[in-house]
Amino acid sequence: MPRVTQEHFDARRRQILDGAARCFARNGFHATSMQDVLKETDLSAGAVYRYFSGKEELIAAIVGEVLGQVHDCFDEAARGTPPPPPDILVPSVLGRVLATKESLTVDGRPAFARLVVQVWTETLRNDELATVLSEGYADVRRAWTRIAEAYQEAGMMRQDVDPEHVARTMTACVMGFLAQQAMFGPVPVEVLRDGLRALMSVPDRSSAGMPDTRSG
């Protein structure tokens, strides 16, 4: 038999992951069977099971791939001196991730955000997937913490805020943006950019000599 090249292996794995992602985004994890994946990818059971043992391994691979990509983008930014500000960095990374998922559509509409929400839902009843997701988000959060620390070192951000709190806030910002896309339809990342930029322009009342009404 001819030897399978790495290029062929990677292409077939990509074909299976993309087909499974479309199924999960369209029907949800529980309503999707391996038979659905076989039909979507137009592959035999033997061809698919050579790469993945079942649905759980497929969804874990999809999650790991996306979170790895996000982590690598933010980790690269953390090495900048200083890193780009949030209104540039966050939309840039999110835009790069969304661009790699443009082919993931359901009924002609972008489906990546729908897939993300399906994954979140599945973690409520799947401990193994919850662990994969938790570890992936922890890696992203650590990268963002280093970015926040770099902001402080460069004098771009106040010193009395825990960098991990910033990391969790920015993670929540991206998760919320994706949730809105899943529920209400596609929105360009420029909306997120403009919103972050506007929030960053709000003056600190205490440092500007303005009355602070937040405690009331």
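For the range 99-108, check the following and say yes or no: at least one residue is surrounded by 17 or more Cβ atoms within 10 Å (Cβ to Cβ), of a type outside the set (Val, Ile, Thr), touching a residue at least 40 places away in the same chain (Cβ under 8 Å) and out of contact with any Pro (no Cβ under 9 Å at 6 or more places or on another chain).
The answer is no, given that none of the residues of the range 99-108 is surrounded by 17 or more Cβ atoms within 10 Å (Cβ to Cβ), of a type outside the set (Val, Ile, Thr), touching a residue at least 40 places away in the same chain (Cβ under 8 Å) and out of contact with any Pro (no Cβ under 9 Å at 6 or more places or on another chain).
For the range 170-216: of the residues being of a type in the set (D, E, K, R) and modelled with pLDDT of 85 or more, which is most open to solvent (accessible area, probe 1.4 Å)? Explain how you work it out, then say what you get.
Within the range 170-216, the subset of a type in the set (D, E, K, R) is 190, 193-194, 197, 204-205, 212, 214.
Now drop any that are not modelled with pLDDT of 85 or more, which leaves 190, 193-194, 197.
Numbers: Glu190: 86, Arg193: 79, Asp194: 76, Arg197: 111 Å².
So, considering only residues that are of a type in the set (D, E, K, R) and modelled with pLDDT of 85 or more, the one most open to solvent (accessible area, probe 1.4 Å) is Arg197.
I'm checking my understanding of the structure. Among residues of the range 45-83 that are free of Cβ contacts under 8 Å to residues at least 12 places away in the same chain and of a type in the set (Lys, Arg), which one is surrounded by the fewest Cβ atoms within 10 Å (Cβ to Cβ)?
Ranking the candidates gives Arg79 first.
Which residue pairs have Cβ atoms closer than 8 Å, lie 6 or more positions apart in sequence or on different chains, and pair a first residue in the range 180-202 that is more than 21 Å from Trp120 (Cβ to Cβ) with a second residue that is open to solvent by 30 Å² or more (accessible area, probe 1.4 Å) and in a helix (DSSP H, G or I)?
As it stands, the answer is Arg193/Ile88; Leu196/Cys173, since those pairs meet every condition given.
From the list Ala150, Ala167, Ala143, which one is touching a residue at least 24 places away in the same chain (Cβ under 8 Å) and in contact with a Pro (Cβ under 8 Å, 6 or more places away or on another chain)?
Values: Ala167 fails: in contact with a Pro (Cβ under 8 Å, 6 or more places away or on another chain); Ala143 fails: in contact with a Pro (Cβ under 8 Å, 6 or more places away or on another chain).
Exactly one residue qualifies, and that residue is Ala150.
All but one of (1) surrounded by 16 or more Cβ atoms within 10 Å (Cβ to Cβ); (2) of a type outside the set (D, E, K, R); (3) free of Cβ contacts under 8 Å to residues at least 40 places away in the same chain hold for Pro86; state the number of the condition that does not hold.
(3)
The values are calculated or read from the model by the stated rules, or taken from the named source; none is laboratory data. Keep in mind that this is a model prediction, so the values were computed, not measured. Virtual Cβ from ideal backbone geometry, glycine too; neighbours counted across all protein chains shown. Quick note on the areas: whole protein, heavy atoms, side chains included, nothing else; ligands and nucleic acids left out. Shrake-Rupley method; radii C 1.70, N 1.55, O 1.52, S 1.80 Å.
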